Amino acid sequence: MTHSRRSVLRRGAGLAAAGAAASLAGCSDGGSGGSEGFDSGYAAFFTLNDWANEVAGENAAFEDPVDVGQLGHGWTPDGTLAADVAATDAFVYLDSPEFSWAQDLAETLESDYDSVAVVDVLDGLEDDLLEWDHSHGGESGTHDGEDGSHDGDGGGEVRYDPHVWVDPVLAAEMVDTISTGLGEADPENADAYAANAEAYAEELDAVDAAFETIADEAARDVAVLAGHNSFQYLEARYGFRLRSPVGVSPQNEPTQSEIADTIELVDSEGIDVVLYDRFQSPRLAESIVENSGATEAVPVTPAGGTTREWNDAGYGYLEQMTEVNVPAFERAFGSQ
């Protein structure tokens, strides 16, 4: 898709300018972004950075502090990040405990740097969040209560699955939130941000339509994911069922019983493709393939980070979804 390839090239030039602007800002009064006005910012991880740059267009350049090959949740920034972000004009983040470093940074910016616009992409999506059930193995997809309460039955805090961005419908709402936040911070370019967000939402509509087609044409109602499940929001949106011997938590390790049950499911359902997370080891998927009637382990991506290979190919969020996830889900559910 040439749209995001052009954006990547544009972004490369823009980031160089942003670096220069941030250096100048460090010497200016008030710690705000570039001296010419709103022109630079940070976003908390790959996907938000991609979206922020798509929305900003030629008017600003955003930077991702997370290294290629890493994901933003569970990540620890170095000691200079707060100062680097404070020297720009905006910080786009996701208000989730799995991104606690970003929550802390946002709190610091809001209390000490009123010149930096802080945009929480989850704003307004509270009722759409899915509970993150950390039980071991099995199928996932438990929705929170009607009131969106964060308190569980026992009075403890309910944890929500942070991978909201894998749902292209909710992604469009988050892109719109970015547009609104940038427009409020930079009213002169608000119309341009809104137009860019609308154009990007049309491409997200195409991703939504592709997953709808997979669900409608599926030959089977369950697929196997050999790794922690970052795709609850796709399950909830399209009615997919993903069986994982690991569950949703990346800290879980599958038991031999859970692996055996998964192999039995592969054989009983005639599953020939076992999915695995590109950012995790394929060993479990390969083991299930070797010990079952499946023939191939195929990667999927939670689209929360990127690889050097994908960077070289010009992949943004859209390409990860359309070039990696859509064909993998087609094969896993027998929709081809």
Exercise for review: Among residues belonging to region 44-68 that are modelled with pLDDT under 95 and aliphatic (A, V, I, L, M), point out the one that is nearest to ALA201 (Cα to Cα).
Suggested key: ALA44
Check your understanding: Looking at region 204-225, which of its residues are at pLDDT 95 or above, in contact with a helix residue (DSSP H, G or I) (Cβ under 8 Å, 6 or more places away or on another chain) and assigned to a loop (DSSP other than H, G, I, E, B)?
Key -> VAL222
Practice item. Starting from region 57-83, keep only residues that are under 13 Å from THR306 (Cβ atoms), then list their pairs with residues that are modelled with pLDDT of 70 or more and charged (D, E, K, R) whose Cβ atoms are within a distance under 6 Å, requiring at least 6 positions of separation or different chains. Key: VAL68/ARG308
Exercise for review: Look through region 84-135, keep the residues that are in contact (Cβ under 8 Å) with a residue 40 or more places away in the chain and charged (D, E, K, R), and return whichever of them is surrounded by the most Cβ atoms within 10 Å (Cβ to Cβ).
Suggested key: ASP89
Review point. Any residue at all in region 220-232 that is outside the structural domain of ALA56 (by TED's automatic domain parsing) and without any contact (Cβ under 8 Å) to a residue 12 or more places away in the chain?
Key: no
Check your understanding: From the set of residues in region 295-322 that are assigned to a helix (DSSP H, G or I) and either touching a residue at least 40 places away in the same chain (Cβ under 8 Å) or β-branched (Val, Ile, Thr) (or both), which is farthest from GLU54 (Cα to Cα)?
Key -> ARG308
Review point. Residue check: is SER96 under 30 Å from GLN280 (Cα atoms) and modelled with pLDDT of 85 or more?
Key: yes
Check your understanding: Is there a residue being more than 24 Å from the chain's Cα centre (by Cα), in the same structural domain as TYR233 (by TED's automatic domain parsing), on the phi < 0 side of the Ramachandran plot and without any contact (Cβ under 8 Å) to a residue 12 or more places away in the chain anywhere in region 277-294?
Key -> yes
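The values are calculated or read from the model by the stated rules, or taken from the named source; none is laboratory data. Since the structure is predicted, the reported quantities are computational estimates derived from the model, not experimental observations. Backbone-built Cβ (ideal geometry, glycine too); neighbour counts: all protein chains shown.
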